[in-house]
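A quick write-up on the structure given underneath.
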Amino acid sequence: MNFCGKTAVVTGGSRGLGRAISLELAKGGANVVLCYAGNESAAEETVQSCEALGGKALAIRCDVSQSDEVKALMDAALTAFGRIDILVNNAGITRDALLMTMKEADFDAVTATNLKGTFLCMKAVARQMMRQKYGRIVNLSSVVGLHGNAGQVNYAASKAGVIGMTKSLAKELASRNVTVNAVAPGFIDTDMTAALPEAAKTAMLSAIPVGRAGRTEDVARAVAFLAGDETGYITGQVLSVDGGMSM
Ligand code: NDP
């Protein structure tokens, strides 16, 4: 994919899927501005890996649930590179528990990062993208947002909400050559899934027709596809990257 001359903002780019997405875009020549919550050394590692691929990259600490921090992130990207062509809303967290024991604070924390964070980032770039009559927004949803999962009422709500926002904003921005799509990964090998109990991992693996967990690159390539110049006629869609899990 060719992203030469394009600038991408990737939230949660320090680790896991966000790192792989940053590298995939950098490989295509994009300038990458990634944000992270607190893991500065991991973020710097991603920056160095992007630069080793020949691109320019920048890491900014930003809690995506805070509007002033999101504004500062986008301002930094514009100051460094003059425009934002691609936004990947990848930052996400889990706080799993069955509904009966789920704390209200855990519902609020998950929806604040996953759902409100996506809203704030889209809002912060929408005007700029409309003005330049070009933009590609890709939001990370989940198989759980499509089908639900016991123990993840908060996470499922946030990821289903991301799909609703994706489709709504796609309708608002389509005439300005700004596409908004979502990717719904299944079970991907990252820190997030490493924290799951072994029994849950085994159950999930057995539900994947392809017969293996997803790799971060599997998702990164799908994101890059939707972030490309050539996919301007695809908007408001949810692309499952789950080895057939949701068939
Ligand atoms: P990881 O836990 O491996 O990484 C999470 C990333 O998000 C880190 O870069 C972290 O930064 C950042 N982050 C967390 N909270 C915030 C915040 N408030 N503001 C800014 N950045 C934040 O997650 P994954 O790579 O596994 O997941 C990435 C996305 O993909 C998430 O949205 C997740 O819900 C989704 N997804 C993942 C699946 C999987 O199987 N792994 C399946 C389906 C969807 P730091 O390093 O500083 O902590």
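The values are calculated or read from the model by the stated rules, or taken from the named source; none is laboratory data. Predicted model only: the values in this text are computed from it and were never measured. Cβ placement follows ideal geometry from the backbone for every residue including glycine, while neighbour counts extend to all protein chains displayed. The accessibility values were calculated without ligands, DNA or RNA, using every heavy atom of the protein model including side chains. Shrake-Rupley method; radii C 1.70, N 1.55, O 1.52, S 1.80 Å.
For the chain, the longest principal axis of the alpha carbon atoms and the long axis of helix 153-173 meet at an angle near 30°. Highest average first, the peptides 109-119, 227-237, 21-31 ordered by how many other beta carbon atoms sit within 10 Å of their residues are 21-31, 109-119, 227-237. Computed from Cα atoms, the angle from the helix 67-81 axis to the main principal axis of the chain rounds to 40 degrees.
Run the simple label-point estimate for residue 105 and residue 80 please: 7 Å along Cα→C-beta, distance reported in nm. So the label points at residue 105 and residue 80 sit 3.3 nm apart.
When each of the peptides 120-133, 82-95 is scored by how many other beta carbons lie within 10 Å of its residues on average, the order from highest to lowest is 82-95, 120-133. Summing Lys and Arg as +1 and Asp and Glu as -1 over all other residues whose Cβ lies under 12 Å from the Cβ of residue 182 gives a net charge of +2. Taking amide H as placed 1.01 Å from N in the peptide plane, residue 91 has its amide H under 5 Å from the amide H of 11, 12, each at least 5 places away in sequence or on another chain. Whenever you get a sec, compute what percent of the accessible area on the stretch 7-232 sits on carbon and sulfur atoms (1.4 Å probe). With neighbouring chains kept in place, the figure for the stretch 7-232 is 53 percent. Rounded to the nearest 20, the Cβ-based charge dipole of the chain about its Cα centre (Lys and Arg +1, Asp and Glu -1) stands at 760 debye.
Distance between the modelled labels on residue 203 and residue 40, one decimal in nanometres: 4.1 nm (7 Å Cα→Cβ projection). A crude spin-label estimate for the pair residue 69 and residue 4, with each label 7 Å from Cα along the Cβ direction, gives 3.7 nm. Among the listed pairs 27/159; 103/171; 123/167; 123/171; 123/201; 27/171, those whose Cα-Cα separation exceeds 25 Å are 27/159; 103/171; 123/201; 27/171. Amide H contacts for residue 240 (H built 1.01 Å from N in the peptide plane; partners 5 or more residues away or on another chain; cut-off under 5 Å): 184.
Pairs of Cα atoms nearer than 8 Å and 6+ residues apart set the relative contact order; for the chain it is 19 percent. In sequence order, the stretch 8-20 has phi-based couplings of 10, 9, 10, 7, x, x, 6, 9, x, 5, x, 5, 4 Hz under the Karplus curve 6.51 cos²θ - 1.76 cosθ + 1.60, θ = phi - 60°, and Gly or Pro positions carry x.
Accessible surface computed residue by residue for the chain, with neighbouring protein chains in place and a 1.4 Å probe, gives 46 Å² per residue. Simple rule: put +1 on each Lys or Arg Cβ and -1 on each Asp or Glu Cβ in the chain, find the dipole, and look at 20, 140, 199; the Cα lying farthest toward the positive end is 140.
Residues whose amide H falls under 5 Å from that of residue 180, counting only those 5 or more places apart or on a different chain, are 137, 236, with hydrogens built in the peptide plane. FRET efficiency for the pair residue 147 and residue 194, taken as 1/(1 + (r/R0)^6) with r the Cβ-Cβ distance and R0 = 30 Å, rounds to 0.85.
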